[in-house]
Every structure is written in structure tokens, then in C-alpha cells.
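Laboratory data are not the source of any read-out in this text; all were calculated from the coordinates shown. Small disclaimer: the values here were computed from a predicted structure and weren't measured. Using ideal geometry, Cβ is built from the backbone for each residue, glycine included, and neighbour counts are taken over all protein chains shown.
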Amino acid sequence: MAKVALITGVTGQDGAYLSEFLLKKGYIVHGVKRRSSLFNTDRIDHLYQDPHVNNQRFILHYGDMTDSTNLIRLIQQIQPDEIYNLAAMSHVQVSFEIPEYTGNADGLGTLRVLDAVRLLGLEKKTRIYQASTSELYGKVQEVPQSETTPFYPRSPYAVAKMYAYWITVNYREAYGMYACNGILFNHESPIRGETFVTRKITRAVSRIALGLQDKFYLGNLDAQRDWGHAKDYVRMMWMILQADEAEDWVIATGTTTPVREFVRMSFAHVGVELEFTGTGVDEKAYVAVCRNPEYQIEIGKEVLAVNPRYFRPTEVELLIGDATKANTKLGWIPEYDLQDLVTDMMESDVKLMKKDHHLEEAGYQTMNYYE
Ligand code: NDP
Ligand code: GDR
């Protein structure tokens, strides 16, 4: 019998990669998507199956983390072997703008899933993966950060995820449920949301290289992140639910890199060397050398400036994870390093922006997002 998985947040970056991964493993995959006034399934359209035919293996349902009755009904109907709770308002800066909603969807939403499983008497059948985050560590207490490092959340998002983390632990201890936290450090990919810093960079650099845009703006260039590839991380989500014991796991590469260096590596992909001047809010980057004749970027052109619009009221300065437990107990080793990640993202965005370039040449307007 094929195993049945339910993924909340199926339309997101991780939901899309995880769906692909589980379908390849022979699972029947159910996904929860939100109602939206436009189609919002871009990332999973290649997996779409006609709902009018029988024996579908990829099935989408409308739902929302803020609606308990919906979640109870879906879990009752689907009777999943595994639930991957990936749905969340996942943008740290935006959580300062919509803190109450973030608490509801990210914090209480997790409780709703756990409690639905309990109410339906599925405690012994259904295994639950909770998408916890390195943002829990927040203000630096120790580095590298492991399963035993104390938490100090620094945003409404992180505080909501802290509730989700502990309610998952509590339901495991109180009701004997197989419920685990994956404490995942930042993971990115060509389908990363456009307003997270890595994708914002790779899109802007591609547009600048192709003459579609002059410059872009970022916030804190000194922040350091432990960036991995989402494909490696969804594989680990599945491994976590196959382990003998329900536990909590840190997933990270163990290497940390400043935002500025990610910018430098992305420009290097299109043959551009940068010169940075100034500090803090006055920092800027100029083109010093352009080696690739395909891209005619003028030497001395200002391509990046810092703008305080992107500073956060409280910042997480340094994240670097220690995934020794996952490496040794589960045998998880990431296949991508940072250079592979930058190359994958840049290749994909240059290709996408070439499409935009053709459209503009044909007289169509393409959209540049400044967020
Ligand atoms: P995304 O932002 O790409 O995806 C989030 C998903 O959640 C989307 O499908 C979104 O739907 C859905 N969603 C948001 N709010 C609701 C809601 N109220 N009800 C139902 N669905 C909702 O995130 P990622 O894929 O990057 O991350 C997956 C999870 O892992 C998130 O919980 C995130 O917080 C966590 N995480 C991510 C890390 C990372 O580096 N990527 C690191 C650590 C944790 P829609 O498409 O309609 O917006
Ligand atoms: P993060 O990711 O907050 O770590 O959360 P993000 O890419 O948004 O920021 C990383 C760092 O870059 C700095 N930064 C900017 N960030 C954005 N978005 N836009 C900018 O212009 C910019 N300039 C500098 C930020 O200040 C920050 O220090 C991500 C999300 O996926 C969470 O859901 C997840 O839990 C954590 O990773 C682990």
C-alpha cells in the first residue's frame, strides 16, 4: 500500500520540492493550498494531475492554517501516515507588519494540526514534521548552534515558531505522538520566494547583466547566514519521519557567509567584479571589472546601495548550524555547497530574465519587484 502524506504549504518552495520527492518515492501526496484570487500553484504546476480522473497521486485541497474545522475535516478525510506542516507566513521582516496574523498561522496553526490528529485518534498512526527554524536562536548565545543551544527569538515570526516548536515537543511528550521539529537553517533554490535576500540578489543581478535594471537596494549586508539548498533539506524532512524515535534535529551546512559575499558571488557568475565603498547605510557597490562580453555593464556603474527600508527592528546577525546529530545518526550529508547553490540560482534567473528581455524587445512590459 502506498504511503499517504499531507503537506501544508504545498505551494511554497519546500512544499514543491517535497511533493516531487515524495511522489518519486511512491507516496500519494495531498497538499493544502490557500484560496487566492489568482492561480497560486506556479511551483507545483508540473505535478498537477487532472482532478476529473481516478487514481490521482497528487491531490490539492483548499485550506488555511487559521481554520481548525477545515484542518480537522481534511485530516479525517485523508487519514495521512505523515503530515509535513510547512505552511507559514515565513517572511521575518513582514512578521513585524502582521504580528498577530503570524502568531495565528505559524504558532496556533501548528497547534491546530497537532490537536486535529489527537482529536481524531490518529496519535499512533500519523507522524508529524514541524517546520522549525534557526530563527529560534535569534540573538547569538553560542556558535555553532545545535539542538542544545538556547533560544532567543528576535521577531514575531520567530516567537510564533517558538510556540510551534514547544507545542510539538509537548504533544509528543503528553500524548506519545510521533512529532518532530526540524530546526532548519536558511535554504534556498531557484524557486525561492523573490523577497528573500538570496533570490532578490540573483534576480537583480541577472536583470542588471541583461540591461533590464540599473541597480538594486538591500538592507544589512553584514548579516551572516548558513545557506543550503532546499533540495537537500526536503530530503532530510522525510528522513526525520523515518527515524525509529521522534526527535528534534538541526539541519545546516556548517558554513556561514555574509549577505555581501552572496552579492559578490552572484555578480561573479556573470563575470563582474565589484568594488564596495562606504559602511552601514552609506555602503554602495560599483562595477570594477566586467569580463563577460555577453554582458555590457559599464565600468564604474553603481549597481547596489544600502537602504534602511530593509533594516529590521531587531536583527539576527549570525547563524551557523551544527548538524552533527543529523550527519551521524541519520547519515544526512548535503549534496550542494554554497557555490553550487549560487550557480543553480543564477543560471535559472539569467534564463528567466532572458525571457523578460525578449518580451521587452517585443514591446511587452515585464515586472520588476523592488521589495
Ligand atoms: P514559503 O514562504 O515559500 O511557503 C510557505 C507556504 O505556506 C506557502 O505555500 C503559503 O501559501 C503557505 N501559507 C502561508 N500562510 C498560510 C495559511 N494561513 N494557511 C495555509 N497556508 C499558508 O516558505 P518555505 O517553503 O521557504 O518554508 C517552508 C516552511 O519552513 C515555513 O514554515 C518556513 O517558516 C519554514 N522554514 C523555512 C526555511 C527556509 O530557509 N526556507 C528555514 C526554516 C524554516 P501561498 O503560496 O498561498 O503563500
Ligand atoms: P531570513 O531570510 O530572515 O534569514 O529568514 P531573508 O533572506 O529574508 O534575510 C536574510 C538576511 O538578509 C538580510 N537582508 C535582507 N533580507 C531581505 N529579505 N531583503 C533585503 O533587502 C535584505 N538586505 C539584507 C536580512 O536582514 C537577514 O539578516 C529566512 C526565512 O525563510 C524564514 O522563514 C526561515 O525561518 C529562516 O530563513 C531560517
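Some observations on this one:
- Highest-first arrangement of 248-257, 196-205, where packing means the average Cβ count within 10 Å: 196-205, 248-257
- Subset of 33/124; 3/125; 161/200; 3/24; 200/354 violating a 19 Å alpha-carbon distance limit: 33/124; 161/200
- The three principal axes of the Cα atoms in the chain give end-to-end lengths of 66, 51, 39 Å, sorted in falling order.
- Förster-model FRET efficiency, 25 Å R0, residue 139 and residue 100, C-beta, rounded to 0.05: 0.65
- Length gained on full extension, residue 282 to residue 312: 9.1 nm, using 0.36 nm per residue less the C-alpha separation.
- Relative contact order of the range 4-184, defined on C-alpha pairs under 8 angstrom at six or more residues apart (%): 21 percent
- Here, the range 112-232 is characterised by an Rg to Rh ratio of 1.09, where Rg is the alpha-carbon radius of gyration and Rh the Kirkwood radius.
- Computed from point charges on the beta carbon alone (+1 for Lys and Arg, -1 for Asp and Glu), the dipole magnitude for the chain about its Cα centre is near 900 Debye.
- Phi angles of the range 103-114 translate, via the Karplus equation with coefficients 6.51, -1.76, 1.60 and θ = phi - 60°, into HN-Hα couplings of x, 5, 6, 7, x, 5, x, 5, 4, 4, 5, 4 Hz per residue; Gly and Pro are given as x.
- Across 317, 335, 360, mean-square fluctuation computed from a Gaussian network of the chain (C-alpha pairs under 10 Å connected) peaks at 360.
- Scattering profile of the range 4-184 at q = 0.14 Å⁻¹ [log10 I(q)/I(0), Debye over alpha-carbon scatterers]: -0.76
- Calculated diffusion of the range 253-371, Stokes-Einstein form, Kirkwood radius summed over Cα pairs, 4 °C and 1.567 mPa s, µm²/s: 74 µm²/s
- Only the Cβ atoms of Lys and Arg (+1) and of Asp and Glu (-1) were treated as charged; on that basis the dipole of the range 48-196 about its Cα centre amounts to roughly 340 debye.
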